[in-house]
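Heads up, the thing below is written out as structure tokens.
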Amino acid sequence: MSLDIKSIICQCLDEICKDFPEVSDVIHANYPQDLDYQNVVNSFKDTLQPFFMEIVQKNESIFSEPRFFLKDVDFSRLMKTESRKSQENLWNCLRMFLMCSYIGLDIMDTIKSLWTKFTGKTDTSEIDEVLNEETSKTKIQDFLETLKETRLFKIGMEVIETINLEKLGIDKVDFTNIEEIVEMIKNPEHPVTRKAISCVQGIIEEKMKKGSLRKEDFIAEIETLKEKFKHSLGKMFGERLLGDTGRETHSAQVMLSGHPDARRARMLARLQRKLNK
């Protein structure tokens, strides 16, 4: 799928119409091509974000009562289909709708909003100059496309699908509160963040032991993402978000190891984040 939000929504609507012809007329009537899709994204925020973990983990209990995630379309009835493929397509569409609710209709506006939340800067002229360049837009799209195809992203989705929410404390996180989520991500010592990182590390180590994931491939992906991120948002983003002031950075291989140099590098990284804050 393209990362153009309107295209994602339209493709998902087409998928639902294909699997469930009985709601095709209703969907076409409520979601014409000339519709203001910003309103659609806003409606997803209200209807889907409160069920963030249930949708990500495919928790069927949410369909014990009517759920109109699309106008006049009751997903609890659609989920009763005997076709496992159609059910899986529904879950995938709900996940894509959920993603759209967080990204917003314009990815560039979303990045600018996150920039403000991370840095506390209300003057966005600095980032506007970067984001308005066509080359920057292309590189950001390329970064996001690369990310969703990586083992790292897929392992992340696997973790979210299988983790014990109560054990990690994620069940207490309000996923409709963007500020709370940003603060959790910014703070590596946040209890939920620490537990989540530990969980991911455990899964990665287990996959490496079984041979289904090679350390070399994983490290190569991290290095590729680091480079794409640096070039997609430029030096300015690197300085503000990563503390990159032109000094030599440690490789993913070093940062992932248990060597004293790696522990020292991680400690210095934490200090750098505190100094930047």
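The values are calculated or read from the model by the stated rules, or taken from the named source; none is laboratory data. Note that this is a predicted model, so its numbers are computed, not measured. We place every Cβ from the backbone using ideal geometry, glycine too, and count neighbours over all the protein chains shown.
Summary of values
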| read-out | value |
| --- | --- |
| Flag for K58 being touching a residue at least 40 places away in the same chain (Cβ under 8 Å) and either among the charged types (D, E, K, R) or not assigned by TED's automatic domain parsing to the domain that holds N92 (or both) | yes |
| Answer from S43, S24 - the residue that is outside the structural domain of I181 (by TED's automatic domain parsing), modelled with pLDDT of 95 or more, out of contact with any strand residue (DSSP E or B) (no Cβ under 6 Å at 6 or more places or on another chain) and farther than 21 Å from L147 by Cβ | S24 |
